[in-house]
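Here the structure is laid out as structure tokens; the discussion comes afterwards.
The values are calculated or read from the model by the stated rules, or taken from the named source; none is laboratory data. These numbers were taken from a predicted model, which means no experiment stands behind them. We place every Cβ from the backbone using ideal geometry, glycine too, and count neighbours over all the protein chains shown. Calculation scope for accessible area: heavy atoms of the full protein, side chains included, ligands and nucleic acids excluded. Shrake-Rupley method; radii C 1.70, N 1.55, O 1.52, S 1.80 Å.
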Amino acid sequence: MDFKPEKKLGFGLMRLPLKDKTNSSEIDIEQLKEMVDLFLARGFTYFDTAWMYSKFQSESAVKEVLTSRHPRESYTLATKLHSGFIETEEDRDKIFHAQLEKTGAGYFDYYLIHGIEGEMLEKYERLHCFEWLLEKKKQGLVKHAGFSFHDTPELLDTILTRHPDMEFVQLQINYLDWESEWIRSRACYEMAVKHGKPVIVMEPAKGGTLARIPEEAERLFKDYDSTKSVPSWAIRFAASLPNVMVVLSGMSSLEQLRDNTDYMGSFIPLSEEEKTMCFKAAEIINRQVAIPCTACSYCTEGCPMHICIPSYFSIYNEDMREHLEEKGWTINFSNYGTLAKQYGKASDCIACGQCESVCPQHLPIIQYLKDVAKHYEH
Ligand code: SF4
Ligand code: SF4
């Protein structure tokens, strides 16, 4: 396929460097400029954003750090249309034109129908979004059309059968979810292969879960090769799949970007032995992750109680790895207090279900918040 980037690492613009770690719209633009410049200087070209990333600021940041500072032919840009922001056919164009304006890109190299799962497909089809996207392609405003997906291989089969003009598909693939009964990375990947569609990988490190792994799993990797970072195994696992055209990494610091572009500059696929090691690490991690949240933040926007759901889950996961019976207290009790002053407490949840209806990981958020509240509020 002629539209595959030369290098398999893409810059995901969902978890950007922040000036204030508790506010995802306080983007550290100067650091981001340095990161973008280094990414391009090292020969990488693929950038991925979306309408609601970083509290709707990501696409504007693209203009500030990328499109206004680098020649159009030196990069490719992907963005997306999400069902949560369209009610009529006119809304599709309103969003699209606002995206052109916000990014200043002139056209999009890749455009995706965003995060299809369950009932969202009905809406996308009712509003003829697939046909609309192909029309944008004819007009030269989109170069390549595809969709991102968070559901079963059976539904993926249905979509690819009904919409064979979609050129690629974006899937959640990582060594932890490869055989998971819920995410079914492997089966979804194989379905894309069956339909001859190249795959873009999202969440290769499962929202940072595979960057901060339990000590026992980390030792496994470090004993094998102490020069490689822990997240490098996750990115290389996904990139080693032959039908994968690009792996998106949500880089949020210059340090992460340096590391990623070091080993992906001259990418070497994992050997069979190395893949087996990743699966062994997955077994260890699975035993210890209390809440498999990827910190995508899709759930927070519509929460009437302004609960910072992924932040609470992140500190809770950290604490669940500690031997609390020995320590009794961790710094996260204080962190929880600080967050709870700024946002709603976990116990403020009124069980409206909004968050669960949009969570791509299908997590029982309401129950998990009860666990969080029990841990920190009593
Ligand atoms: S169920 Fe609770 S956490 Fe979820 S959106 Fe409603 S109030 Fe917020
Ligand atoms: S709970 Fe679900 S929607 Fe919210 S951040 Fe975690 S994975 Fe994303």
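With every protein chain in place and a 1.4 angstrom probe, the accessible-area ranking of GLU216, GLU125, largest first, reads GLU216, GLU125. With θ taken as phi - 60° and the Karplus curve 6.51 cos²θ - 1.76 cosθ + 1.60 applied, the whole-hertz 3J(HN,Hα) list for region 101-117 is 5, 4, 7, x, 7, x, 7, 10, 5, 9, 10, 10, 6, 8, x, 5, 7 Hz, x standing for glycine and proline. Whole-percent P(r), region 48-168, all Cα pairs, 5 Å bins from 0: 2, 11, 22, 24, 20, 12, 6, 2, 0. Maximal additional length on extending the ASP223-GLU255 stretch stands at 9.3 nm, based on 0.36 nm per residue less the C-alpha distance.
For the chain, the solvent-accessible area of protein heavy atoms averages 44 Å² per residue (probe radius 1.4 Å; ligands and nucleic acids excluded). Cross-link partners of LYS4 among aspartates and glutamates, defined as those whose alpha carbon lies under 15 angstrom from its own and excluding same-chain residues fewer than eight positions apart: ASP48, GLU73, ASP109, GLU167. Amide H contacts of TYR46 (H built 1.01 Å from N, in plane; Pro and chain starts excluded): PHE11, THR76 sit under 5 Å, all sequence-distant by 5 or more or on other chains.
Looking only at Cα atoms, what is the convex hull volume of region 269-378 per residue, in Å³?
130
Which of the lysines could a cross-linker bridge to LYS102, judged by Cα under 20 Å and excluding same-chain residues fewer than eight apart? Filter leaves LYS33, LYS55, LYS63, LYS80, LYS94, LYS136, LYS137, LYS143.
Extent of the chain along its three principal axes (Cα atoms, max minus min coordinate, largest first): 63, 48, 44 Å. Just going by the charge dipole of the chain, with Lys and Arg at +1 and Asp and Glu at -1 on Cβ, which of ALA217, TYR53, GLY140 is farthest out on the positive end? Of the candidates, GLY140 comes out farthest on the positive side.
Carbon-plus-sulfur fraction of the accessible area of the chain, 1.4 Å probe, in percent? So the carbon and sulfur contribution to the accessible surface is 51 percent. What's the longest bit of the chain with no exposed trypsin sites (Lys or Arg not before Pro), using DSSP loop states and at most 13 other Cβ atoms within 10 Å as the test? It runs 70-378. Taking label positions 7 Å along the Cα-Cβ direction at both SER347 and LYS19, the computed distance is 3.6 nm, reported to one decimal.
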